[in-house]
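The values are calculated or read from the model by the stated rules, or taken from the named source; none is laboratory data. All figures in this text were calculated on a predicted structure; none of them were measured in a lab. Note that we place each Cβ from the backbone using ideal geometry, even for glycine, and neighbour counts take in every protein chain shown.
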Amino acid sequence: MQRVTIVARIKAKRKYTDRVKQESAGLIGPTRREQGCLTYDLYQNVDDRSLFLFHEIWESQALLEEHWKSDHLKVYRQATEEMIEEREISVLGNIEAS
């Protein structure tokens, strides 16, 4: 089973920065309790406070896909839909040293 790393870049509309931060931080607890979640961290850019970055590591693609179906993520997406200017999600597999 190959681990999967997620880097999600979220750019809030400036007037919603605090609200997006609050909603995003609300994902941390429930997500860390999900099966297969090894790392789930949220960062805020120090120069551009409207820019957030999630860094996640999951035990497998299948468990990540279960996360994407979770109720708390669905609620987050609905709550922030109009507040997000840009969203970029990268799904990365680990490269082993040869």
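Which one is surrounded by the fewest Cβ atoms within 10 Å (Cβ to Cβ), of the residues in region 48-62 that are among the small types (G, A, S) and part of a loop (DSSP other than H, G, I, E, B)?
Keep residues of region 48-62 that are among the small types (G, A, S), which gives 50, 60, 62.
With the extra rule that they be part of a loop (DSSP other than H, G, I, E, B), the set shrinks to 50, 60.
Details: S50: 21, S60: 13.
Only one residue tops the list, namely S60.
Only one of Q44, Q35, Q2 is touching a Gly at 6+ places or on another chain (Cβ under 9 Å) and either at pLDDT 95 or above or farther than 19 Å from E85 by Cα (or both); which?
It is Q2.
Residue by residue, here is whether (1) of a type in the set (D, E); (2) surrounded by fewer than 13 Cβ atoms within 10 Å (Cβ to Cβ); (3) closer than 26 Å to D18 by Cβ; (4) free of Cβ contacts under 8 Å to residues at least 12 places away in the same chain holds:
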{"position": "Q35", "(1), (2), (3), (4)": "no, yes, no, no"}
{"position": "V46", "(1), (2), (3), (4)": "no, yes, yes, yes"}
{"position": "L64", "(1), (2), (3), (4)": "no, no, no, no"}
{"position": "V75", "(1), (2), (3), (4)": "no, no, yes, yes"}
{"position": "T80", "(1), (2), (3), (4)": "no, no, yes, no"}
{"position": "S90", "(1), (2), (3), (4)": "no, yes, yes, no"}
{"position": "G93", "(1), (2), (3), (4)": "no, yes, no, no"}
{"position": "A97", "(1), (2), (3), (4)": "no, yes, no, yes"}
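Restricting the search to region 5-32, which residues are surrounded by fewer than 18 Cβ atoms within 10 Å (Cβ to Cβ), hydroxyl-bearing (S, T, Y) and over 18 Å from M83 (Cβ atoms)?
T5
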